[in-house]
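Just below is one structure, and these are the notes that go with it.
The values are calculated or read from the model by the stated rules, or taken from the named source; none is laboratory data. This one's a predicted model, so the numbers in the text were calculated from it and none came from an experiment. Glycine also receives a Cβ, built like all others from the backbone with ideal geometry; neighbour counts cover every protein chain displayed.
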């Protein structure tokens, strides 16, 4: 069985407007199907938990729902119906936290080095995570 690197960026939002939610859906869905690339959490403690907390979602209930293999739009509908903080103000606050998140220097340096870049920019977690995903995808699929 082939395992997949999740290539939806944390900087992407679906129709609901929540950054990272499409990536969380993809990672959790791939993990539930046993197809998530090694080293990736299906539902980790970083952005994944920020989204769950920011929308007032129960982690266990979300993962039980994901195990039913919903489409992304079905996932957004479930989030809207089950989140206690799915409103414009909460989504705006959550998105600002996601965009503003900065990795620790050690993490930044490690990702940039693996990608063959000198220490420096980008510094934000979204773009660093993109570089990391692209590097992992290349190693796993193209190299």
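Assorted remarks:
- If you go through the range 4-21 and keep only what is free of Cβ contacts under 8 Å to residues at least 24 places away in the same chain and over 16 Å from residue 137 (Cα atoms), you end up with just 12.
- Qualifying residue in the range 56-66 (condition: within 24 Å of residue 137 (Cα to Cα) and either surrounded by 13 or more Cβ atoms within 10 Å (Cβ to Cβ) or not assigned by TED's automatic domain parsing to the domain that holds residue 133 (or both)): yes
- No other residue among 132, 53, 119, 60 is modelled with pLDDT of 95 or more and touching a helix residue (DSSP H, G or I) at 6+ places or on another chain (Cβ under 6 Å) apart from 132.
- Taking first residues from the range 92-116 that are not assigned by TED's automatic domain parsing to the domain that holds residue 17 and crowded, with 18+ Cβ neighbours inside 10 Å and partners that are modelled with pLDDT under 95 and part of a loop (DSSP other than H, G, I, E, B), the Cβ contacts under 6 Å between residues at least 6 apart in sequence or on separate chains come to 112/119.
- The single residue among 24, 30 that is buried (at least 19 other Cβ atoms within 10 Å of the Cβ), outside the structural domain of residue 128 (by TED's automatic domain parsing), touching a residue at least 24 places away in the same chain (Cβ under 8 Å) and closer than 19 Å to residue 127 by Cα turns out to be 24.
- Subset of the range 79-89 that is within 11 Å of residue 16 (Cβ to Cβ) and in contact with a helix residue (DSSP H, G or I) (Cβ under 7 Å, 6 or more places away or on another chain) - its residue that is surrounded by the most Cβ atoms within 10 Å (Cβ to Cβ): 79
- The single condition from (1) under 11 Å from the mean Cα position of the chain (by Cα); (2) within 17 Å of residue 86 (Cβ to Cβ); (3) surrounded by fewer than 19 Cβ atoms within 10 Å (Cβ to Cβ) that residue 44 fails is (2).
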